[in-house]
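Read-outs: derived from the displayed coordinates by stated rules, not from any lab. Remember, it's a predicted structure, so these values are computed and weren't measured experimentally. Note that each Cβ is placed from the backbone with ideal geometry, even for glycine, and that neighbours are counted across all protein chains shown.
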Amino acid sequence: MVFEGLADKLQGALKKLKSKGKLTEKDVKEAMREVKLALLEADVNFKVVKDFINKVKERAIGAEVMESLTPGQHVIKIVNEELTALMGTTQSKLTFSSKPPTVYMLVGLQGAGKTTTGGKLGGYLKTMGKRPLLVAGDIYRPAAIKQLQVVGKQLDIPVFSMGDKISPVNIAKAGIEHANQHSNDVVIIDTAGRLHIDENLMDELEDIKKTVNPQEILLVVDAMTGQDAVNVAERFNEKLGIDGVILTKLDGDTRGGAALSVRAVTQKPIKFVGMGEKLSELEAFHPDRMASRILG
Ligand code: GDP
């Protein structure tokens, strides 16, 4: 189950409401106190939790709910709807350029899972009937180019590289040229990930952005780093402007703080989630399904 700890606690808090006949305002407030604690323990951003609880309370402590025949169910439905809204309401799909190739730039810190995710995304697009090209733009991590080539080979997706002596901006430009010549309709540019966000990293990414004018900049962040992932997303979004987030390692995330806060904090949607190390383990993110999975 995803976010086991959070799911257990939320379900526990809401179960008490379900078993009651009529609800009093005190019952709802008590349950919301438990929901609040569960969200904070799950490392959800404090302000996000506060707003969420206020919204649920406002809707739940109204005559319509309190006097309904199944008030407990009603409150659970409200929590489900607000959790869904928190994560973006509906699935946010990838967009494509009207004039191919569609260029996606993958950005993120080292170790987040960028290279693996580049491959996964290529595989996903291939199943949609696209002809992706992976471009090796991370010239600083010695093994990154080789790793992308291995991933490409496993998926039977071509990888464009120019070694590590040419600037990433020029590699990106040449990659798109290569795609044009080989009828690749999607280009996924893997970019450098540093250990920390620094000016050099951002400047270089900005240069690539200016040069290739990507359809989307997708930020890859590690869900297991909780609020750090949200802070990284905020910084990248401020500096670079991102179009969406790919949240990796959700399979190992028992808490859920990043998944529940990223959207509310950055206003940018989670588009995909990584659910394992295998190259097939990438899923489109559906806020409603995720909310239902958390609430059981
Ligand atoms: P990069 O430095 O950002 O390019 O990261 P890599 O692509 O090299 O990934 C770092 C590690 O995370 C590797 O061991 C990957 O197998 C692992 N990884 C990536 N995505 C996922 C995921 O969704 N789930 C799990 N469990 N591991 C992942």
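Numbers for the structure displayed
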quantity	calculated
Trypsin sites (Lys or Arg not before Pro) lying in DSSP loop within the stretch 140-222, provided at most 14 other Cβ fall within 10 Å	LYS165
Fraction of beta bridges assigned by DSSP in the chain that are antiparallel (%, nearest 5)	10 percent
Gaussian network model of the chain, springs between alpha carbon atoms under 10 Å - residue of LEU247, LEU14, LEU134 with greatest fluctuation	LEU14
Loop trypsin sites (Lys or Arg not before Pro), the stretch 9-106, which have at most 16 other Cβ atoms in a 10 Å radius of their Cβ (DSSP)	LYS20, LYS22, LYS93
Most mobile of ASP243, ASP138, ASP27 in a GNM of the chain (Cα contacts under 10 Å)	ASP27
For the stretch 34-112 versus the stretch 213-292, the gap between their alpha-carbon centres in whole angstrom	14 Å
Loop sites in the stretch 1-99: GluC sites (Glu not before Pro), DSSP, at most 11 other Cβ within 10 Å	GLU67
Members of LYS173/LYS268; LYS93/LYS130; LYS153/LYS278; LYS99/LYS210; LYS99/LYS278 lying beyond 23 Å, as alpha-carbon distances in this model show	LYS173/LYS268; LYS99/LYS278
Helical contribution to [θ] at 222 nm, DSSP H n ≥ 4, -39,500 (n - 2.57), averaged over the chain, rounded to 500	-16500 deg cm²/dmol
Cα-based radius of gyration of the chain once divided by 2.2 N^0.38 Å, which approximates compact folds	1.12
Cross-link partners of LYS57 among lysines (Cα-Cα below 20 Å; sequence separation of 8 or more within a chain)	LYS9, LYS15, LYS16, LYS18, LYS20, LYS22, LYS26, LYS29, LYS36, LYS47, LYS77
Bins of 10 Å, starting at 0 and running to the largest distance - Cα pair percent for the stretch 163-296	11, 37, 34, 15, 3, 0
